[in-house]
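Undergrad: Got a structure here, written out as structure tokens. Questions coming.
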Amino acid sequence: MKVHIIGGGNLGVSIALGLARFSKNNQITVTRRHTASILHLEELGITVSTDNKQRIQEADVIILTIKPYQVDTVLAEILPVISNKVIASGVSGLSIENLQKKIGDSNIAVRIMPNIAAQFGASATCISFNEQHSEQAKNIVTLFQDLGTAPVIDEKLMDAATVLAASGTAFALRYIRASMQAGIEIGFDWQTALAISAQTVKGASEMILAENIHPEQLIDRVTTPQGCTIAGLSEMETHGFSSSLVRGIKAALKKIKG
Ligand SMILES: NC(=O)c1ccc[n+]([C@@H]2O[C@H](COP(=O)([O-])OP(=O)(O)OC[C@H]3O[C@@H](n4cnc5c(N)ncnc54)[C@H](OP(=O)(O)O)[C@@H]3O)[C@@H](O)[C@H]2O)c1
């Protein structure tokens with residue numbers, strides 16, 4: 001597919017890298033106004049440009065990874081030269097209805113919520129579209145399945161997906177940081193503590209994803225009666241481990257909803 005990514009920042013570059021590494025036979029263009037920091041993408045065969053309209057007419061898919069306040073400017077620039085395009089927007093808070101209104105009936109709005117692990121083929125990209133566009137949206141789903149998982153969700157859960165899947169990356173990293181910090185307290189240097197903590201989280205995730213079971217079933221396998229694991233878990237829960245995470249996720253959702 002010919003993929004045209006407008007907004008070569010954190011998310012746009014992650015998607016471009018993911019597509020170049022994990023999705024076959026795509027021609028990728030990434031645009032931003034100041035391209036110096038992303039010229040290295042050209043080594044992977046990605047076209048980098050400051051011109052949002054360059055090759056856009058040939059594109060099968062346009063992906064918007066710009067900030068909400070940049071949307072109108074970008075659309076004013078590209079809409080005069082495109083029609084019958086699928087526009088997949090990763091812009092937080094921009095509803096399908098609003099985007100569809102902005103781009104007119106001749107183009108198709110799809111909403112995506114990837115995260116920056118896309119560059120490692122490990123994003124959880126939630127996708128929503130209007131039922132009548134399900135045929136055209138298939139390409140987007142297929143594309144993002146190459147970059148991790150790509151569940152199609154009801155759009156009313158998109159804010160929740162933003163918090164769980166996009167902000168969730170930061171929450172998971174904070175867990176790893178805390179675990180690393182504890183590792184230093186109990187005797188490791190930070191590099192070793194970090195490597196152990198990160199790999200342990202990766203291992204736990206891989207077991208969950210492979211076995212598709214409730215986390216408690218796996219926790220039970222590592223928790224010996226009267227052992228150190230249950231002692232640690234109990235102490236963490238006494239200090240609000242699960243509840244602080246739930247409260248944090250709900251606070252993030254409240255913030256997003258304004
Ligand atoms: N970061 C994440 O993890 C994440 C996850 C999910 C969703 N999102 C959403 O994705 C969007 C982008 O987030 P981000 O973190 O990637 O932001 P970012 O790093 O600031 O990227 C936005 C990019 O858009 C470019 N841009 C601005 N105006 C432009 C224009 N007229 N034409 C072409 N490019 C233009 C900017 O580069 P120049 O200034 O050089 O033009 C910048 O590189 C936001 O709406 C955010 O809510 C982000």
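Undergrad: When all alpha-carbon pairs of the range 2-153 are counted, what percent fall beyond 22 Å? Don't jump to the answer; show the numbers that get you there.
TA: Details: 3642 of 11476 pairs.
Of all Cα-Cα pairs in the range 2-153, 32 percent lie more than 22 Å apart.
Undergrad: Let me ask you something else. Can you tell me, using C-alpha contacts under 8 Å and at least 6 residues apart, the relative contact order of the range 160-257 as a whole percent?
TA: Working: 33 pairs, mean separation 23.4, N = 98.
The normalised contact order for the range 160-257 reaches 24 percent.
Undergrad: To continue, here is another question. If you roll a 1.4 Å probe over the heavy atoms of the protein chains, what accessible area per residue do you get for the chain, in Å²?
TA: Numbers: 14960 Å² over 258 residues.
On a per-residue basis, the chain sits at 58 Å².
Undergrad: If you build a Gaussian network model of the chain, linking Cα atoms that sit under 10 Å apart, which residue out of S95, S49, S205 swings the most?
TA: S205
Undergrad: Charges at C-beta only: +1 for Lys and Arg, -1 for Asp and Glu. How large is the resulting dipole of the chain about its Cα centre, in Debye rounded to 20?
TA: Numbers: 23 positive and 23 negative charges, 125 e Å.
It works out to roughly 600 debye.
Undergrad: Identify, among H214, A160, C228, the residue whose Cα sits farthest towards the positive end of the charge dipole of the range 160-257, taking +1 on the Cβ of Lys and Arg and -1 on the Cβ of Asp and Glu, with the dipole about the Cα centre.
TA: A160
Undergrad: Report the normalised scattering of the chain as log10 I(q)/I(0) at q = 0.09, 0.14, 0.17 Å⁻¹, calculated by the Debye formula with identical scatterers on the alpha carbons.
TA: Evaluating at q = 0.09, 0.14, 0.17 Å⁻¹ gives log10 I(q)/I(0) of -0.48, -1.00, -1.31.
Undergrad: If amide H atoms are built 1.01 Å from N in the plane of the peptide, which residues on other chains or at least 5 residues away come under 5 Å of the amide H of K2?
TA: Counting only residues 5 or more places away or on other chains, the set is Q27, D60, V61.
Undergrad: Please compute, for the alpha-carbon atoms of the range 110-244, the extent along each of the three principal axes and give them in descending order in Å.
TA: If we take the Cα atoms of the range 110-244, the spans are 56, 30, 26 Å.
Undergrad: If you roll a 1.4 angstrom probe over the protein chains with everything in place, what fraction of the accessible area of the range 1-99 belongs to carbon and sulfur, to the nearest %? Numbers along the way, then the final one.
TA: Details: 2140 of 4680 Å².
Answer for the range 1-99: carbon and sulfur cover 46 percent of the accessible area.
Undergrad: Using alpha-carbon pairs under 8 Å, 6+ residues apart, how would you state the relative contact order of the chain in percent?
TA: On the way: 363 pairs, mean separation 35.6, N = 258.
The normalised contact order for the chain reaches 14 percent.
The values are calculated or read from the model by the stated rules, or taken from the named source; none is laboratory data. In this text the structure is predicted, and so the values were computed from the model without any measurement. Glycine also receives a Cβ, built like all others from the backbone with ideal geometry; neighbour counts cover every protein chain displayed. Accessible surface areas use protein heavy atoms only, side chains included; no ligands, DNA or RNA. Shrake-Rupley method; radii C 1.70, N 1.55, O 1.52, S 1.80 Å.
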